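S.K.: My questions will all concern the structure given below.
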Amino acid sequence: MEKIMGNSKVKFSNVCYVITGISIILIIAILSNYFSDTKHTSQEIKKEIQITGARIASEYIYDFFEGRKASLSLLGRCLTGIGTDNSVVLEEQLSAEADLFDSIIILDKEGSFICGYGTYNIEDIQKESGFEIAAEGGCAIAEELIPRQDGELELMLYAPVMDVGGKVKAVLAGSLLESTLTNYMESKFAGSGAFAAVINNRGRIMYGSSGIYKVIGETGSSFFSFIKACKVYTENAGTDYIQGSIHDREEIFLEYAYERNKFVAACIPLEVNNCYIVYIANADNAGIGSKLASVSNSLLVKLLIADLVVIFGILFYHINGRAKVIKLLDNYGVLDRQEGAVLFEYVFSPKKRIDVFGDFSHVTGKNFSPLVGEAVYDVYEYVHEDDASIRGRLHEFFDSEDEVFSSEVRILDQNGDYGWYRLTGTMFRSSDGNCERFVGKVVNANKQISMEKNLVQRAENDLLTGVLNKKTIEAKITEQLKDKHEGRNYIFFMVDLDNFKNVNDNLGHIYGDKAIADTAAALTGIFHSNAFIGRLGGDEFAVFAIYDAFDEESLMKFIVKNAEKVCEANRREYSDGANTIKISSSVGISIGPKDGRDFELLYKKADEALYNSKKTGKNKFTVYGSGNNKD
C-alpha cells in the first residue's frame, strides 16, 4: 500500500509539474498576446478613443459649416448681375439651395428685406457682427443662436452679394435651426450613449445633440459652471485648468460624475468661430475581484491553485478589457454610426499596412483584406486619374508636422462610375516625430461636392450661353499669361455679331437670345477643349487659344483656319414667319506675347482689329498689325 501510495504520489506530483509547466507557458502566451494587443492602460484607452471620437466629430462639424459657407458664398456670386428688384429670378436662385438651409433671405446693406423664403427674424440683424463682415465683402458664421419669429432658435450664416463692379450691393443670410444642427450631430456621431455639444471660447453651450442637458447642462448655460458642480476624477482638472486650456486652444480629457452617473468627456478646438466641441460618453464602471481559498497543505497544490488563479484572473481581465474596448468603440460610434463612411488605419511600421473597418463593398464592390507592403498601393487603382495627385499630397502630409488631413477624391464604384468622396484622417506620431499610424475615414460626399461644383459653374459661367462670363475669362487669361513658355503663342479672338440689333428689334428678344446661344455653341464646336470661350457682354464674345509654334507661317495658318470657321458658322438667318433677318460676325484678333503680355493690351488690340473688320464691310476677320483683313 505504501508503495502504491508512493507511486501515486509520484504520479500526482508529475501531473502537477506538467500542469504547472503548461500553465506557465499559457501565462506567457496570454501575457504576450495581451500586452501586444493592449499597449495602453484602460485609462489611456478611454482617453485615446474619446479624443479620437471628438476629432472625428470636429471634422464632421467643420466640413458641415465649411460646405454651407462655401455654398452661400457661391450663391452670392451667382447673384452678381441680377438686379435686386428682380424678385422672381432672385427667389428662383434661392430656392435651389432649399436643401442646405432652413431659410435664406437677401437684405440690403442697411438690413432691410429684399426677398427670401422660410421663417426668419431680421430685427436688428444689421447689428450682428456676421452681417457687418458680409457687408464689407467677407463670409461669416454668427457667434450665437437667436430666436426667430416662431420662437425656434437658429444660427445665421452670412455672405456678400456683389455688383458687376465688385462692390457689395446686398447680403445673403442663411439660417440653420437648432433642431437641424441636432439632427445632423445625431446622424453622424452622437446618440446611443454618446453626446456632443459645441461651446464658445467663453464656455457658453451653443447647441448639441438631443439629451445633452442630461450630461452637460441646458443650451445657453455655462459649461464651466456645470463642471464646477460635478465631481471630477481627472487629476488637476479643475475649472481654472479647463478655462486656461480652452483659452490656449488645447485638448482636454475629463472623467466626472453627474447625478450618480459617471462620464468621460473630450474637449478639442473646433475651427468654427474659435469654438470647442465637447464629446461625452457613459463611463465603464465594470470591475471585478476574486478570492479563492486553499485548504491543501501540499506545496504543489498551492502552487497550482495560485497558478490557475493567475491564469483565470488574466484571462478574465483580458476578456473584460477587450469587451470594454469593444463597448467603448460601440458607444463612441467610431464604426456603426458613421453613415456612408468607412474607417481605415494605415500603420507605418514594421511594414506599411492598411486595415479597413466596415463594409467597403458598397463603394468599390470589393471588401479589402489587410494590405501589407507594396500591396498598400493597390488602393490607387480605384482613384480617378485626374485625382492621382492625392498620393503625392498624402506623402507631403506624412513628411510634415500636421496632424489632420482632408481632401476630396473620385473613387471608382462597382458600376464603373466615379463618385466624389471626402478623405479625412488624423496622424499619430512618436515622440521623435516619426509617423506611427494614420487613422482616417472615407465619406460619400458626392451630392454635396457635385452641388458645390455646380454652384462654381453657375458663378463662373454666363447663365444664357453656358460659356465663361467676362470676369472669369479675364481671370483665366490673366493667369495663363503669367506663363513665359518659349515658343508659346496666345491668340485672342474677339467676335461680334453683325446686324444683331435688327434681330431684337424685328423678331424680339427670344430670337435675340437664341442668336447669342447659337453663337456660343458654334464657338464651342470650333475650338479645342483647352481654349477659353467667354461672353464679354451683349452679342460680344472672346476666345483665348494657346498654340505652340516656332514659325510665323504655321501660326498664321492656325489663326486663319479658325477665324474662317467662326465667320462661316455665324452666317445664319432667323425668321418668325413674317420677317427674316440675316446675321454674320466680325472678328478681331491679337496675338500674345507679340501684342502684349496682359489681358488689357490683348483686349484693346483685338478690339481695334474688330473695329477695322466692322468699318471695312463686316462679315470678316482682321489680325492686329498684320494687314490681314479677310472676308
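S.K.: Restricting attention to segment 472-511, report how many residues are without any contact (Cβ under 8 Å) to a residue 24 or more places away in the chain and either assigned to a helix (DSSP H, G or I) or open to solvent by less than 20 Å² (accessible area, probe 1.4 Å) (or both).
M.R.: Count: 7.
S.K.: Residue by residue through segment 79-97, note down the ones that are closer than 14 Å to LEU172 by Cβ and not hydroxyl-bearing (Ser, Thr, Tyr).
M.R.: LEU79, ILE82, LEU90, GLU91, GLN93, LEU94, ALA96, GLU97 - these are the residues of segment 79-97 that are closer than 14 Å to LEU172 by Cβ and not hydroxyl-bearing (Ser, Thr, Tyr).
S.K.: Could you look through segment 99-131, keep only residues that are under 29 Å from the mean Cα position of the chain (by Cα) and surrounded by fewer than 16 Cβ atoms within 10 Å (Cβ to Cβ), and pick out the one that is nearest to ALA159 (Cα to Cα)?
M.R.: SER129
S.K.: Turning to a different aspect of this structure: Restricting to segment 198-216, name every residue that is farther than 14 Å from ASN261 by Cα and more than 30 Å from the chain's Cα centre (by Cα).
M.R.: Of everything in segment 198-216, nothing turns out to be farther than 14 Å from ASN261 by Cα and more than 30 Å from the chain's Cα centre (by Cα).
S.K.: Could you check segment 222-246 and list, in sequence order, the residues that are of a type in the set (A, V, I, L, M) and out of contact with any Asp or Glu (no Cβ under 9 Å at 6 or more places or on another chain)?
M.R.: Correct list: ILE227, ALA229, ILE242, ILE246.
S.K.: Let me ask something else about it. Consider ARG597 carefully, then state whether it is charged (D, E, K, R) and open to solvent by less than 70 Å² (accessible area, probe 1.4 Å).
M.R.: no
S.K.: Check GLY525 against each of (1) in contact (Cβ under 8 Å) with a residue 40 or more places away in the chain; (2) touching a strand residue (DSSP E or B) at 6+ places or on another chain (Cβ under 6 Å); (3) among the small types (Gly, Ala, Ser) and name the one condition it does not meet.
M.R.: Only one criterion is unmet by GLY525, namely (2).
S.K.: Identify all residues within segment 160-193 that are in a loop (DSSP other than H, G, I, E, B), out of contact with any helix residue (DSSP H, G or I) (no Cβ under 9 Å at 6 or more places or on another chain) and in contact (Cβ under 8 Å) with a residue 40 or more places away in the chain; write none if there are none.
M.R.: Listed by number, the list holds a single entry, ASP163.
S.K.: Still on this model: So, of the residues in segment 410-441 that are acidic (Asp, Glu) and touching a residue at least 40 places away in the same chain (Cβ under 8 Å), which turns out to be least open to solvent (accessible area, probe 1.4 Å)?
M.R.: ASP413
S.K.: Which residues, taken from segment 181-205, are more than 19 Å from ILE56 (Cα to Cα) and not basic (Lys, Arg)?
M.R.: ASN201, GLY203, ILE205
S.K.: A follow-up question, please. Here are some residues: ALA542, ALA531, ALA563. Which one is surrounded by fewer than 19 Cβ atoms within 10 Å (Cβ to Cβ), of a type in the set (A, V, I, L, M, F, W, C) and under 30 Å from ARG597 (Cα atoms)?
M.R.: ALA531
S.K.: Oh, and also: So which of ALA257, ALA237, ALA229 is touching a Cys at 6+ places or on another chain (Cβ under 7 Å) and farther than 28 Å from LEU177 by Cβ?
M.R.: ALA257
S.K.: If you don't mind, there's one more thing I want to ask. Say whether the condition of being over 21 Å from LYS482 (Cβ atoms), in contact (Cβ under 8 Å) with a residue 12 or more places away in the chain and touching an Asp or Glu at 6+ places or on another chain (Cβ under 7 Å) is met by at least one residue in segment 544-557.
M.R.: No: zero hits.
S.K.: Being of a type in the set (A, V, I, L, M) and open to solvent by 20 Å² or more (accessible area, probe 1.4 Å) narrows it down to one residue among ALA265, ALA196, ALA229; which is it?
M.R.: ALA229 is the lone residue from the list that is of a type in the set (A, V, I, L, M) and open to solvent by 20 Å² or more (accessible area, probe 1.4 Å).
S.K.: Only one residue in GLU573, GLU608, GLU553 is open to solvent by 70 Å² or more (accessible area, probe 1.4 Å), part of a helix (DSSP H, G or I) and modelled with pLDDT of 90 or more, so which one is that?
M.R.: Step by step, each of GLU573, GLU608, GLU553 is checked, and only GLU608 is open to solvent by 70 Å² or more (accessible area, probe 1.4 Å), part of a helix (DSSP H, G or I) and modelled with pLDDT of 90 or more.
S.K.: Right, next: Taking the criterion of being under 27 Å from GLU474 (Cα atoms), touching a residue at least 12 places away in the same chain (Cβ under 8 Å) and open to solvent by less than 60 Å² (accessible area, probe 1.4 Å), would at least one residue in segment 151-159 satisfy it?
M.R.: There is at least one residue in segment 151-159 that is under 27 Å from GLU474 (Cα atoms), touching a residue at least 12 places away in the same chain (Cβ under 8 Å) and open to solvent by less than 60 Å² (accessible area, probe 1.4 Å).
S.K.: To continue, here is another question. Pick from ILE216, ILE227, ILE268: which is in a helix (DSSP H, G or I), in contact with a Phe, Trp or Tyr (Cβ under 9 Å, 6 or more places away or on another chain) and farther than 30 Å from GLU97 by Cα?
M.R.: ILE227
The values are calculated or read from the model by the stated rules, or taken from the named source; none is laboratory data. Owing to the predicted nature of the structure, the values given are computational and were not obtained by experimental measurement. Heads up, the Cβs are rebuilt from the backbone with ideal geometry, glycines too, and the neighbour counts pull from every protein chain shown. Accessible surface areas use protein heavy atoms only, side chains included; no ligands, DNA or RNA. Shrake-Rupley method; radii C 1.70, N 1.55, O 1.52, S 1.80 Å.
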